[in-house]
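Values in this text are rule-based calculations from the coordinates and carry no lab data. These figures come from a predicted structure and were not determined experimentally. A quick note on method: Cβ atoms are made from the backbone with ideal geometry, for glycine too, and the neighbour counts reach across all protein chains shown.
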Amino acid sequence: MVRGKTQMKRIENAASRQVTFSKRRNGLLKKAFELSVLCDAEVALIIFSPRGKLYEFASSSINKTIERYTQRRTKDGGSCLTSNKTISEDDHHDLQAAVSKEDSFSMAKKIDHLEVSKMKLLGDGLESCSFQELHQIENQLERSLAKIRARKNQLYREQIEKLKQEEKTLLEHNAKLRQQVQCGMLQKVSSGSEEKEDQVLVVVNNNNNAHDHHRHNMDVETELFIGLPERRK
């Protein structure tokens with residue numbers, strides 16, 4: 001199968017551009033290492049990513065290589081340059097300050113690897129992955145999904161237990177309220193019975209008084225007398 005020719009233009013997709021940068025950078029660093037070993041050449045390579053991260057390689061020391069380059073350029077009047085662009089003194093100091101961090105390359109490489117792995121887990125930049133890499137990503141996603149489901153089930157169980165406890169508390173509270181209401185109704189019924197008994201006693205007493213008064217009226221003299229009152233004996 002013939003591999004298509006890559007067009008030399010900026011890759012628009014950010015994920016694909018990052019994956020391509022990582023691959024080409026690693027290849028460039030590898031070529032620099034091979035050149036220094038196979039040809040016994042003094043090689044210094046400095047790469048800044050689009051995000052400003054530093055990647056470097058030096059067969060001996062980047063500082064010494066830059067110093068040697070500066071001296072040679074001054075001596076030859078810049079004849080060794082392959083272009084008309086020159087490095088100013090400020091750029092020289094910036095490079096020296098940048099390469100002073102010995103662990104910058106390894107740290108940046110780890111960060112870049114993590115970013116690429118993250119993008120692949122999100123489903124971006126999978127065009128360059130082999131079948132084995134895709135299988136590994138699939139297994140990793142399945143393990144992550146299993147952990148997520150286990151955690152979700154645990155939260156469900158905790159929520160159900162919490163709801164059961166709240167239900168139990170509410171039932172106990174309702175039972176107490178029901179008991180209080182029943183006690184209050186019994187007291188009210190008892191008080192109402194006493195009031196009715198008092199009313200009955202009052203009615204009975206009134207009836208007795210009325211009966212006595214009626215008997216008293218019945219005892220009035222009813223003898224008929226005709227004539228003047230003075231002659232009545």
Anything over 32 Å Cα to Cα? Flag those among K64/K110; K31/K75; K152/K176; K9/K64; K9/K120, in the order listed. K152/K176; K9/K64
Could you list V37, V19, V43 in order of exposure, starting from the residue whose Cβ has the fewest other Cβ atoms within 10 Å? V37, V43, V19
Please list, ordered by chain and number, the residues whose modelled amide H lies under 5 Å from the amide H of I47; skip anything fewer than 5 residues away on the same chain. Y55, E56
